[in-house]
Amino acid sequence: MSDVAVTALCDIYPDRVDALAGPVAEASRIKPRAFTDYRAMIDARSAYDALIIPTSMITHGIIALDALRAGIYTAIEVGGAASLEECWALVRASEEHGAPLMMLENCCYGRRELLVTNLARQGQFGRLMHCRGGYAHNLSELLVEEHDNNRHMRIYNYMGRNGDIYPTHGLGPYAKLLDINKGNRMVSLVSMASKSRGLPLWISENKGPGHPFAKTDFTQGDVITTAIRCANGELILLTHDTQLPRPYSRAGLVQGTKGIWIESDIGKDDEPPLHFRRMGMLHIEGKSPMAHDRPNLRELWEPASNYLAEYEHPLWREYLEAQGNGVNAISAGMDTIMLRAMIDGIREGRAPIDVYDAAAWMSITCLSEESIQAGSASVAIPDFTSGKWIERKKEAGKYSLD
Ligand SMILES: NC(=O)c1ccc[n+]([C@@H]2O[C@H](COP(=O)([O-])OP(=O)(O)OC[C@H]3O[C@@H](n4cnc5c(N)ncnc54)[C@H](O)[C@@H]3O)[C@@H](O)[C@H]2O)c1
């Protein structure tokens, strides 16, 4: 991005800072300042306009807190919270120091998520009743290999914890769609976990009894389901499914009084046109084929890509036109659009995915752990806006998800 420079870098490992310094200097046309202690980087705040914190899931909250307390515009990578206290501390720090916090939830800017958002906002599904999402991604190999070869610590979350430890990819787009924190809020949840077998099985089959984790008791259930009730009566279902053999999915579904959309990733990547299946399938009452003309009930679904011409989100229309490569861009695009949203937010002093969203979404992790520990008891989800959700106004603006 020609209008952005990375002017400072930090990692606790000096070799990582050194490895990044060269490429970053070349891309940014300026030598970045290098740090191994994030507190020193916060002290050097005149060197930058905003801080991006893509450290591990259990460190980014703490670092973000110190950055907000220093009044810095702070962007954090996705992940769940270890405690409600952490979520409240982020909210208080952002409010007291007037520093926006933006959560970098790229899936909120996904092409199909924004297509569905656009369809829903224009009333195609009627009144929304139910959304599902999730993080379904077989991580067993990655958790072990990255730990062994690349100083990666995510696997430690699978020992001792048991809950939806990565809720925001599946929740974010639909929390926005359901106006959570602006006219609606998440009220309570119930979580349930299967037993834990996938990761130990992968280790025994691929690494053998001599591996350091061969005798580890993993506690994180292979499949976790969380049901969330909203103040306006909608039901959200979330799934965390990361240890069993399976293709990647975010398991999306949006259902209202007039129609339904489901994510569908079935098919080969090189099968043209890629966007046909990536956009999922839908059924809209009065528009899609109806039961009386189609005896085969599966034919009542139609490709959501049929609606791209009319309902493609303007952000994606603009992105694809700029790329000049038509319809197949999907993943890189959402990262780029999200980072442009952040840059726009830094300039305007706002965050399209703000501290209230981050706190509410991150809290699902520790609350799902609590619910599972209590035998799938219902637990209350705090109102991190302290009542402001009732009157908070939706924001306009190119990157707003409201
Ligand atoms: N949005 C997405 O699609 C997506 C995808 C992957 C990962 N993530 C998120 O990105 C974050 C990083 O994930 P990762 O897989 O790259 O992890 P990683 O462990 O590979 O990288 C984290 C880096 O942070 C550094 N670090 C840790 N504590 C630090 C501290 N106190 N000060 C300075 N540096 C510190 C580590 O040394 C490491 O280099 C996580 O929050 C993860 O949830 C998001």
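The values are calculated or read from the model by the stated rules, or taken from the named source; none is laboratory data. Just so you know, these numbers come straight off a predicted model, no measurement behind them. Reconstructed Cβ throughout: ideal geometry from the backbone, glycine too, with neighbour counts over all protein chains shown. Surface accessibility is based on the protein's heavy atoms, side chains included, excluding ligands, DNA and RNA. Shrake-Rupley method; radii C 1.70, N 1.55, O 1.52, S 1.80 Å.
For this structure, a couple of remarks:
- Residue match in segment 13-26 (condition: under 26 Å from the mean Cα position of the chain (by Cα) and open to solvent by 50 Å² or more (accessible area, probe 1.4 Å)): yes
- Segment 29-47, residues that are surrounded by fewer than 18 Cβ atoms within 10 Å (Cβ to Cβ) and more than 10 Å from the ligand (Cβ to nearest atom): 29, 30, 31, 33, 34, 40, 43, 44, 45, 46, 47
- Segment 13-34 residues that are without any contact (Cβ under 8 Å) to a residue 12 or more places away in the chain, paired with ones that are part of a helix (DSSP H, G or I) and of a type outside the set (Phe, Trp, Tyr) (beta carbon under 8 Å, 6 or more apart): 31/21; 31/25
- Of all the numbered requirements in (1) farther than 23 Å from residue 226 by Cβ; (2) away from the ligand (no atom under 11 Å from the Cβ), residue 152 misses one, and that requirement is (2).
- Selection within segment 66-109 - within 12 Å of the ligand (Cβ to nearest atom), open to solvent by 30 Å² or more (accessible area, probe 1.4 Å) and more than 19 Å from the chain's Cα centre (by Cα): 66
- Looking only at segment 48-59, and only at residues there that are of a type outside the set (A, V, I, L, M) and open to solvent by 70 Å² or more (accessible area, probe 1.4 Å), the one that is farthest from residue 4 (Cα to Cα): 54
- Residue check, residue 391 modelled with pLDDT of 95 or more, surrounded by 15 or more Cβ atoms within 10 Å (Cβ to Cβ) and more than 20 Å from residue 64 (Cα to Cα): no
- Residue in segment 278-300 that is small (Gly, Ala, Ser), at pLDDT below 90 and buried (at least 18 other Cβ atoms within 10 Å of the Cβ) present: no
- Entry remark, segment 341-383: residues being in a loop (DSSP other than H, G, I, E, B) and open to solvent by less than 10 Å² (accessible area, probe 1.4 Å) number 2 in total.
- For segment 155-194, a tally of residues being within 16 Å of the chain's Cα centre (by Cα), within 16 Å of the ligand (Cβ to nearest atom) and of a type in the set (A, V, I, L, M, F, W, C) returns 3.
- Number of the exception - residue 2 against (1) assigned to a helix (DSSP H, G or I); (2) of a type outside the set (A, V, I, L, M); (3) open to solvent by 50 Å² or more (accessible area, probe 1.4 Å): (1)
- Candidates 386, 400: the one that is open to solvent by 20 Å² or more (accessible area, probe 1.4 Å) and within 30 Å of residue 286 (Cβ to Cβ) is 400.
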